[in-house]
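First comes the structure, then the notes that go with it.
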Amino acid sequence: MPANDWRATWDQHADHERDTLHDLPLRELIARVQSGQFGDYDTIWSAIVDRAQLPEVGWTLFAVLESSVAYLHRYHCATVLLRLLGETRLQAVDVATEWGRVKNLGSLAHVLVQRIGPRA
C-alpha cells in the first residue's frame, strides 16, 4: 500500500475497530455509548444494531440524540434507533439535526414509552 493512500489506511483502521467492537459484550458497547466513547470510525453503531434489541438500548440511544455530542455521532445513533424501532416515516437527519430534534424528539420519546416503557 502506497504511503499516500489515506483511504486504504483509514479502511484498515476502521476494519480493526469494527472487529474489536464486534467482539465486545453488548453491555460494554452500551457502557461506551453512555460515556461518549463512540470510537474513531463510527463502527460502534453497526456493532450495536447487529446485536441489540430495542429494550436494551432504546433509551441509551435516545439520550445520545438529546445530548450535545457532535452531529455525526447523533446521525449514526439515530440511524440505529430508527432501525430498531422499524421507523420508516423519519430519517436519521430528522432526529439528529437541531431543527429535527426540536420537532421530533418528543414524539420519538412517546414511541419509546409505548414500545419499551418509561425511561429508567
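The values are calculated or read from the model by the stated rules, or taken from the named source; none is laboratory data. Being a predicted model, the structure only gives us computed values, none of them experimental. Counting neighbours? That spans all protein chains shown, and the Cβs are built from the backbone with ideal geometry, glycine included.
Here Ala109 does not fit the description of being more than 15 Å from the chain's Cα centre (by Cα), hydrophobic (A, V, I, L, M, F, W, C), surrounded by fewer than 19 Cβ atoms within 10 Å (Cβ to Cβ) and not in a helix (DSSP H, G or I). Is at least one residue of region 33-41 in contact with a Gly (Cβ under 9 Å, 6 or more places away or on another chain) and farther than 22 Å from Pro118 by Cα? No: zero hits. Of the helices (runs of 4 or more DSSP H) lying entirely inside region 38-106, those containing at least 1 residues that are of a type in the set (Asp, Glu) are 44-51, 54-66, 93-96.
So which residues in region 29-45 are more than 17 Å from Ala63 (Cα to Cα) and either loosely packed, with under 15 Cβ neighbours inside 10 Å or of a type in the set (A, V, I, L, M) (or both)? Across region 29-45, the qualifying residue is only Asp40. Of all residues in region 46-71, those that are free of Cβ contacts under 8 Å to residues at least 40 places away in the same chain and of a type outside the set (A, V, I, L, M) have Cβ atoms under 8 Å from Cβ atoms of residues that are crowded, with 16+ Cβ neighbours inside 10 Å and part of a loop (DSSP other than H, G, I, E, B), 6 or more apart or on another chain, in Tyr71/Thr97. Considering Thr9, Thr20, which residue is farther than 30 Å from Ala120 by Cβ and surrounded by 12 or more Cβ atoms within 10 Å (Cβ to Cβ)? Within the list Thr9, Thr20, the selection yields Thr9. Take the conditions modelled with pLDDT of 95 or more, β-branched (Val, Ile, Thr) and closer than 17 Å to Arg119 by Cα and apply them to Val57. Does it pass? Here the answer is yes, as Val57 does meet what is asked.
If the condition is being buried (at least 20 other Cβ atoms within 10 Å of the Cβ) and farther than 18 Å from Arg115 by Cβ, then region 76-91 contributes only His76.
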